Amino acid sequence: MSHSALEYRLAESDAAQSEIFDVAIIGAGVTGACLFHQLRQKGYRVLLADKADFAGGTSQASAMMLWGGLAYLRSFDLATVARLSLSREALVRRGSSCASPRRFRYIVPSPRAGNRAIVQSALYLYWLLGAFRRARPQWLGDFDESQLLKATDRNCFEYEEAYLSDSDARFVLQWILRSRDAFNPALNYCALHGGQFDSSAKLWVLDLEDRVLERQFSVRARLVVNAAGVWTDSLNTQFGIETPYHHLLSKGVFLGLRRLPTHKTALIVEKADQDCYALIPWGPVSLWGPTETLTSSPQEGFSITPEDIRGLAQEYDRHFRAPFSREDVVSLRCGVRGLAVPRSARQDLSHSQSLSRKYVVHRDRELPWVSIHGGKLTSCATIADTAAKTIGHSIRPSLPAQPFADPVEGPPERESFPGLAEEVLSARSCAEESCWSLEDYLRRRTNISQWVPRGGFGHANENTEHLERLASVFATAPAFNPQAAVRSYQQEIEARFDRVIREVL
């Protein structure tokens, strides 16, 4: 680990202890990161903290789609579609090189009469609700991927959404890197253990543990934002905060499959239950999924089971000519979505697809505490706008507004990795981005663990020595042993990937 990275962390940690912040944001997923950026632009003094890495939860497990909510047309939820479409366009404008338009192909099941007219009407309505900002839908009778599909699935409409060009984790990171400085710290691996509100000083005193520097300290803030994603409810309970909403948790699993050369455009296919799956080209893999099942806890939701993979395999075989093979599985990708539901809700909640992806920003009546429930990757900027306005009703910023321009820097250092045709960001450059471990680097600073089989090891552990060299870059103490770090990571891959894949067939 470079001295500059540790020195910067020390400066952030020292500032966290000495400063009084306007806002402390707990949770550095896409919602917390985007809010951090917006509040900094408005002149607030802000602390951002997360018990894990930046984007270490669901924000690292999306489809990278910035979509306008096409699926909600099934329930005629036109307001949600219009709102998500506006959010999508806002991200395309703000996201510069991170977000860009991308074509998708909706496969029309041929045997059922009237399907073409139904899908065409829906896509034109979708285009209308998006204010005609994306490309006009068009019918395709022949397309590159048609030979991948079974004969009954070779008709499609092409339409346009938006997509993250690199990854969802780096999308989160760019909001943070644009906005942080030593006096407005963004601390990953910094756990919140407790705290209380000092009514005389009108400040929150929060007890944090910096697991990078192995130190405990307290920070002071005028207001706290709970942006902990699927852990929002447990954090509210920890601090005695009650809200009219809570989360139902929905598990979503993708398979990263070896991408065939003819797969160039994202395909949307209908499942047997009329929901949809996507096959999305992403580097050398094709993402297939996601599943959509309710789960009882984040811990259970982030665990992939053989049943999850079997369900994806069965649906794959319904649509594609080549049968599913576990040898084609490069990586597994799993996230848990928090669905905002009123505590008084009486409706049937047995299926998560019946629930909207609406978000709720709630300000506590008695304490300066704001909770964020629900939301999507697409709506992150809209949620941040709403939360910033809510915060503005309680406290004013300490500093003048300060818009941030994209930093003007030279091209980042890149290096090769075995099995990848293109170079990736180097470990040394990522170490300057609060990247503290090999797993951080492989999973969230680059896409290596998603693009190279078995988390980057390769099919037969042929990349072990290369991983040991990379691990040495992230040494934070003289006694650090890169071989031991790689062995520990290998044990995780064997438990999370090898064991599950062996049990599939």
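The values are calculated or read from the model by the stated rules, or taken from the named source; none is laboratory data. It should be emphasised that the depicted structure is a prediction, and the values quoted were computed from it without experimental measurement. For neighbour counting, all protein chains shown are included, and Cβ atoms are generated from backbone atoms with ideal geometry for every residue, glycine included. Side chains included, ligands, DNA and RNA excluded: accessible areas come from the protein's heavy atoms. Shrake-Rupley method; radii C 1.70, N 1.55, O 1.52, S 1.80 Å.
Remarks
- Residue list for the range 398-421, restricted to those being modelled with pLDDT of 95 or more and not small (Gly, Ala, Ser): Arg414, Glu415, Phe417, Pro418, Leu420
- Set Arg102, Arg74: member being of a type in the set (D, E, K, R), open to solvent by 40 Å² or more (accessible area, probe 1.4 Å) and more than 30 Å from Leu442 (Cβ to Cβ): Arg74
- If only residues of the range 228-271 that are among the basic types (Lys, Arg) and part of a strand (DSSP E or B) are counted, the one that is least open to solvent (accessible area, probe 1.4 Å) is Lys251.
- From the list Ala272, Ala221, the lone residue that is in contact with a strand residue (DSSP E or B) (Cβ under 8 Å, 6 or more places away or on another chain) and of a type outside the set (Val, Ile, Thr) is Ala221.
- Reported count of residues in the range 133-144, each being open to solvent by less than 50 Å² (accessible area, probe 1.4 Å), assigned to a loop (DSSP other than H, G, I, E, B) and of a type outside the set (D, E, K, R), is 3.
- Failed item in (1) within 27 Å of Asp498 (Cα to Cα); (2) surrounded by fewer than 15 Cβ atoms within 10 Å (Cβ to Cβ); (3) more than 22 Å from the chain's Cα centre (by Cα); (4) not acidic (Asp, Glu), with Ser297 passing the rest: (3)
- Of all residues in the range 38-49 being in contact with a Phe, Trp or Tyr (Cβ under 7 Å, 6 or more places away or on another chain) and open to solvent by 10 Å² or more (accessible area, probe 1.4 Å), the one that is modelled with the lowest pLDDT: Gln41
- Candidate set: the range 173-196, residues that are open to solvent by 60 Å² or more (accessible area, probe 1.4 Å) and in a strand (DSSP E or B); chosen: the one nearest to Ala401 (Cα to Cα): Gln196
- Residue among Gly130, Gly95 that alone is under 30 Å from Phe21 (Cα atoms), at pLDDT below 95 and buried (at least 17 other Cβ atoms within 10 Å of the Cβ): Gly95
- Among the criteria (1) polar (S, T, N, Q); (2) touching a Pro at 6+ places or on another chain (Cβ under 8 Å); (3) farther than 30 Å from Leu339 by Cα, the one Ser394 does not fulfil is (3).
- Count - residues of the range 446-504 that are over 24 Å from Cys334 (Cα atoms) and either open to solvent by 60 Å² or more (accessible area, probe 1.4 Å) or in contact with a strand residue (DSSP E or B) (Cβ under 6 Å, 6 or more places away or on another chain) (or both): 9
- So Ser110, is it open to solvent by 20 Å² or more (accessible area, probe 1.4 Å), part of a strand (DSSP E or B) and either within 24 Å of Gly335 (Cα to Cα) or modelled with pLDDT under 95 (or both): no
- Arg443 being in contact (Cβ under 8 Å) with a residue 60 or more places away in the chain and among the basic types (Lys, Arg): yes
- Positions within the range 491-505 being hydrophobic (A, V, I, L, M, F, W, C) and either within 25 Å of the chain's Cα centre (by Cα) or at positive phi (or both), in sequence order: Ile493, Ala495, Phe497, Val500, Ile501
- When Cys190 is tested against (1) touching a residue at least 12 places away in the same chain (Cβ under 8 Å); (2) closer than 17 Å to Ile20 by Cα, exactly one condition is not met: (2).
- Filtered by the rule that a residue be assigned to a helix (DSSP H, G or I), more than 30 Å from Asp207 (Cβ to Cβ) and open to solvent by less than 40 Å² (accessible area, probe 1.4 Å), the range 145-169 gives Glu145, Ser146, Leu148, Asp153, Asp168.
- Where helices (runs of 4 or more DSSP H) sit wholly within the range 1-105, those with at least 2 residues that are over 15 Å from the mean Cα position of the chain (by Cα), in contact (Cβ under 8 Å) with a residue 40 or more places away in the chain and closer than 23 Å to Trp282 by Cα occupy 78-94.
- The residues on offer are Ile395, Ile391, and the sole one that is open to solvent by less than 40 Å² (accessible area, probe 1.4 Å), assigned to a loop (DSSP other than H, G, I, E, B) and modelled with pLDDT of 95 or more is Ile395.
- Condition met for Pro411 (in a loop (DSSP other than H, G, I, E, B), under 26 Å from Val92 (Cβ atoms) and without any contact (Cβ under 8 Å) to a residue 12 or more places away in the chain): yes
- Within the range 276-322, the set of residues being in a loop (DSSP other than H, G, I, E, B) and either touching a residue at least 40 places away in the same chain (Cβ under 8 Å) or aromatic (Phe, Trp, Tyr) (or both) comprises Gly283, Pro284, Pro290, Thr291, Glu292, Ser296, Ser297, Phe302, Ile304, Thr305, Arg321, Ala322.
- Each residue in the range 202-227 was checked for being part of a loop (DSSP other than H, G, I, E, B), touching a residue at least 12 places away in the same chain (Cβ under 8 Å) and open to solvent by 20 Å² or more (accessible area, probe 1.4 Å), and 4 pass.
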